[in-house]
Amino acid sequence: MPLKIRLARAGSKKRPYYHVVIADARSPRDGRFIESIGSWNPLLPKDGERVKVDADRVK
């Protein structure tokens, strides 16, 4: 089972919010995932905390 780190889209129309997840490479973008390791909110200001990733879980 090949795994990928990918962004799963959440939020509403024109207000995206993404979850950083570990998923099977063959699963759909927003489909089933193995583990959620963080998030990314592109709507926050540049100097805000836009990306949150659990570095211990990535290793």
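Just so it is clear, none of the values below were taken in a lab; they were calculated from the coordinates. Computed from a prediction, not measured in an experiment: that's the story for all the values here. Don't worry about glycine lacking a Cβ; one is built from the backbone with ideal geometry, like all the others, and counts go over all protein chains shown.
Provide the per-residue ³J(HN,Hα) series for segment 25-32, in order, calculated from phi with Karplus coefficients 6.51, -1.76, 1.60 and θ = phi - 60°, each as a whole number of Hz, with x at glycine and proline positions.
Those phi angles translate into 4, 8, 7, x, 3, 9, x, 5 Hz.
Can you give the Rg/Rh ratio of the chain, where Rg is from the C-alpha atoms and Rh is the Kirkwood radius?
Computed over Cα atoms, the ratio is 1.00.
With only Lys, Arg, Asp and Glu charged, each at its Cβ (+1 for the first two, -1 for the last two), find how big the charge dipole of the chain is about the Cα centre; round to the nearest 20 debye.
340
If packing is taken as the average number of other Cβ atoms within 10 Å across a peptide's residues, how do 46-53, 31-38 rank, most packed first?
My ranking of the peptides, most packed first, is 31-38, 46-53.
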